[in-house]
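*Asks:* Would you mind keeping the following structure in view while I ask a few things?
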Amino acid sequence: MSYKINENITWVGVTDWELRTFHGEEYSTHRGSSYNSYLVRDEKTVLIDTVWMPYGKRFVEELKKEIDLSKIDYIIANHAEIDHSGALPELMKEIPNTPIYCTANGIKSLKGHYHQDWNFIPVKTGDKLNIGKRDIIFIEARMLHWPDSMFSYLTEDNILFSNDAFGQHYASEYMYNDLVDQAELEQEAIKYYANILTPFSKFVEQKINEVLGLGVPVSMICPAHGIIWRDNPLQIVNKYMEWAKDYQENQITILYDTMWGATRRMAEAIAEGIKLQRDDINVKLFNVARSDKNDVITEVFKSKAILVGSSTVNKTYLHAIAGILELIKGLSFKNKKAAAFGSYGWSGESIKLISEKLRASGLDVIDDGVKALWNPDEESIIKCMEFGRSFTEKL
Ligand code: FEO
């Protein structure tokens, strides 16, 4: 399937309605995704990015319906990850000598993936490729989110092809941001940022300032996943700037796992204590063993503080808590307060271990936490409520 964006630009990607996990099992894709590839026609014809490997054959077959492949003069690989470069092996069988423009790191990655010595042309920020009336200007976007990542800016049409940046894992029959459900779009965009880009926020801020500093007009942002930003395209850039600055909303998220419900009762009592102290705070509770980990991470991203609770089992915390703590550690959240809680029967190590892990992950642990022996009695429940209240007071 193809879709005409304007007289010169055609979307030739794949919409993947079936996708439910991405990066192996690391990222849930409740609404599928798309792999966006763009054909730009001027005096020369350029293909920007391809699609994920399992769709490689289909991509090439569909592309042949759109253009005689021998008419493609240049390929641009903005990013080497296989969801965008995966069709290259199929495509290069047909047009083996076509130059592939990418960063020097892109060449290393593409060679690492495919072990092919294609006709690579390394480019750097500011390099231009003239294709007739238009130029394509390359902008390296190192660590957004891989060392090889790059943006390509098309003059005349004023389009930024941003690859992963500003994308969303969001399959839609609609092509543009103004046509889709705005709540769904916002949710998928923030989830994408929270789970993929959080560790690189410093680079996001620098890169956006650099691109805006060029003073070039941007009439559309065409990412490599999800919808195209055509209505006020800078709205997503402004969102990224906001998200990159240690984003937080007026929210406390309580994450727990529970064996027989005691830690759950504690979580609920803590939530009650928070509301007693500050009625305006949005408190959300997640049993992480029963929740989607990436949705939970999105809520952590939005929080000013988190509370993490687990029963103690075998002198440690439960494995679902171990999993979410590891994700939190990897994402290097900044400017978030935290504390631990949990029930126990005899040894009760989970609170201390969770606190240590949160501290080692860069969170500001502002309280020693609260424990309850066995199933919390009335006194323990009051202690949990008081803990929730005093924790909130310290924020
Ligand atoms: Fe969409 Fe980094 O690949």
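*Asks:* Considering only residues that are surrounded by fewer than 24 Cβ atoms within 10 Å (Cβ to Cβ) and of a type in the set (S, T, Y), which ones fall in the stretch 313-324?
*Replies:* The one that is surrounded by fewer than 24 Cβ atoms within 10 Å (Cβ to Cβ) and of a type in the set (S, T, Y): T316.
*Asks:* Name every residue in the stretch 15-27 that is within 15 Å of the ligand (Cβ to nearest atom) and either buried (at least 17 other Cβ atoms within 10 Å of the Cβ) or at negative phi (or both), in order of residue number. Don't jump to the end; show me each part of the working.
*Replies:* Quick first cut of the stretch 15-27, residues within 15 Å of the ligand (Cβ to nearest atom) only: 15-16, 19, 21-24, 26-27.
Once the filter is applied, which keeps residues that are within 15 Å of the ligand (Cβ to nearest atom) and either buried (at least 17 other Cβ atoms within 10 Å of the Cβ) or at negative phi (or both), the stretch 15-27 yields T15, D16, L19, T21, F22, E26, Y27.
*Asks:* Could you tell me how many of the residues in the stretch 69-88 are in a helix (DSSP H, G or I) and surrounded by fewer than 19 Cβ atoms within 10 Å (Cβ to Cβ)?
*Replies:* Step one: filter the stretch 69-88 for residues in a helix (DSSP H, G or I), giving 69-71, 82-85, 88.
If we keep only those that are surrounded by fewer than 19 Cβ atoms within 10 Å (Cβ to Cβ) as well, we get 69-71.
Qualifying residue count for the region: 3.
*Asks:* Can you find a residue in the stretch 372-386 that is hydrophobic (A, V, I, L, M, F, W, C), part of a strand (DSSP E or B) and either under 21 Å from E26 (Cβ atoms) or not assigned by TED's automatic domain parsing to the domain that holds Y193 (or both)?
*Replies:* Looking only at the stretch 372-386, we keep the residues that are hydrophobic (A, V, I, L, M, F, W, C), and these are 372-374, 381-382, 384-385.
Then drop every residue that is not part of a strand (DSSP E or B), which leaves 372-373.
Subsequent filtering for residues that are either under 21 Å from E26 (Cβ atoms) or not assigned by TED's automatic domain parsing to the domain that holds Y193 (or both) retains 372-373.
Within the stretch 372-386, one or more residues are hydrophobic (A, V, I, L, M, F, W, C), part of a strand (DSSP E or B) and either under 21 Å from E26 (Cβ atoms) or not assigned by TED's automatic domain parsing to the domain that holds Y193 (or both).
*Asks:* Filtering the stretch 256-284 down to residues that are under 11 Å from S310 (Cβ atoms) and among the β-branched types (V, I, T), which residue is surrounded by the fewest Cβ atoms within 10 Å (Cβ to Cβ)?
*Replies:* Going through the qualifying residues, I end up with T258.
Quick grid of which residues meet (1) in a loop (DSSP other than H, G, I, E, B); (2) in contact (Cβ under 8 Å) with a residue 12 or more places away in the chain; (3) within 16 Å of the ligand (Cβ to nearest atom); (4) more than 19 Å from the chain's Cα centre (by Cα):
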position: T125; (1), (2), (3), (4): yes, yes, no, yes
position: L129; (1), (2), (3), (4): no, yes, no, yes
position: E156; (1), (2), (3), (4): yes, yes, no, yes
position: A171; (1), (2), (3), (4): yes, yes, yes, no
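*Asks:* I75 versus (1) among the hydrophobic types (A, V, I, L, M, F, W, C); (2) more than 16 Å from the ligand (Cβ to nearest atom); (3) under 30 Å from A183 (Cβ atoms): which is the lone unmet condition?
*Replies:* Exception for I75: condition (3).
*Asks:* I'd like to verify a number: residues in the stretch 343-395 that are among the β-branched types (V, I, T) and within 19 Å of Y317 (Cα to Cα), how many? Give the derivation first.
*Replies:* Here is the first cut: in the stretch 343-395, the residues among the β-branched types (V, I, T) are 351, 354, 365-366, 370, 381-382, 392.
When the remaining residues are screened for being within 19 Å of Y317 (Cα to Cα), the result is 351, 354, 365, 370.
Result for the stretch 343-395: 4.
*Asks:* Please specify each residue of the stretch 45-68 satisfying the condition of being in contact with a helix residue (DSSP H, G or I) (Cβ under 6 Å, 6 or more places away or on another chain) and part of a helix (DSSP H, G or I).
*Replies:* M53, G56, K57, V60
*Asks:* From N163, N195, grab the single residue that is within 14 Å of the ligand (Cβ to nearest atom) and more than 24 Å from I5 (Cβ to Cβ).
*Replies:* None of the other options fit; the residue is N195.
*Asks:* List pairs: first residue in the stretch 191-206 and farther than 15 Å from V300 by Cβ, second residue within 14 Å of the ligand (Cβ to nearest atom) and assigned to a helix (DSSP H, G or I) anywhere in the structure, Cβ distance under 8 angstrom, at least six positions apart or on different chains.
*Replies:* Once the first residue is farther than 15 Å from V300 by Cβ and sits in the stretch 191-206, its partners that are within 14 Å of the ligand (Cβ to nearest atom) and assigned to a helix (DSSP H, G or I) give V204/L197.
*Asks:* What is the number of the single condition among (1) under 23 Å from Y27 (Cα atoms); (2) in contact with a helix residue (DSSP H, G or I) (Cβ under 9 Å, 6 or more places away or on another chain) that E272 does not meet?
*Replies:* The single condition E272 does not satisfy is (1).
*Asks:* Taking the stretch 114-162 only, how many residues are small (G, A, S) and in contact with a Ser or Thr (Cβ under 6 Å, 6 or more places away or on another chain)?
*Replies:* If we filter the stretch 114-162 for residues that are small (G, A, S), which is where we start, we get 126, 132, 141, 149, 152, 162.
Among the residues that remain, those that are also in contact with a Ser or Thr (Cβ under 6 Å, 6 or more places away or on another chain) are: 141.
Matching residues across the stretch 114-162 total 1.
*Asks:* From the set of residues in the stretch 360-382 that are farther than 19 Å from G273 by Cα and surrounded by fewer than 13 Cβ atoms within 10 Å (Cβ to Cβ), which is modelled with the highest pLDDT?
*Replies:* Within the stretch 360-382, the match that is modelled with the highest pLDDT is A360.
*Asks:* Working carefully through the options G323, G330, G215, find the one that is over 22 Å from the mean Cα position of the chain (by Cα) and either farther than 30 Å from A87 by Cα or not in a loop (DSSP other than H, G, I, E, B) (or both). I'd like the intermediate steps shown before the answer.
*Replies:* Details: G323 fails: over 22 Å from the mean Cα position of the chain (by Cα); G330 fails: over 22 Å from the mean Cα position of the chain (by Cα).
Only one candidate passes the filter, namely G215.
*Asks:* Moving on. I'd like to check something: does the stretch 242-249 contain any residue that is assigned to a helix (DSSP H, G or I) and surrounded by 19 or more Cβ atoms within 10 Å (Cβ to Cβ)? Reasoning before the result, please.
*Replies:* First, the residues of the stretch 242-249 that are assigned to a helix (DSSP H, G or I): 242-244.
Now restrict to residues that are surrounded by 19 or more Cβ atoms within 10 Å (Cβ to Cβ): 243-244.
Yes.
The values are calculated or read from the model by the stated rules, or taken from the named source; none is laboratory data. These numbers come from a predicted model, not from an experiment. Virtual Cβ from ideal backbone geometry, glycine too; neighbours counted across all protein chains shown.
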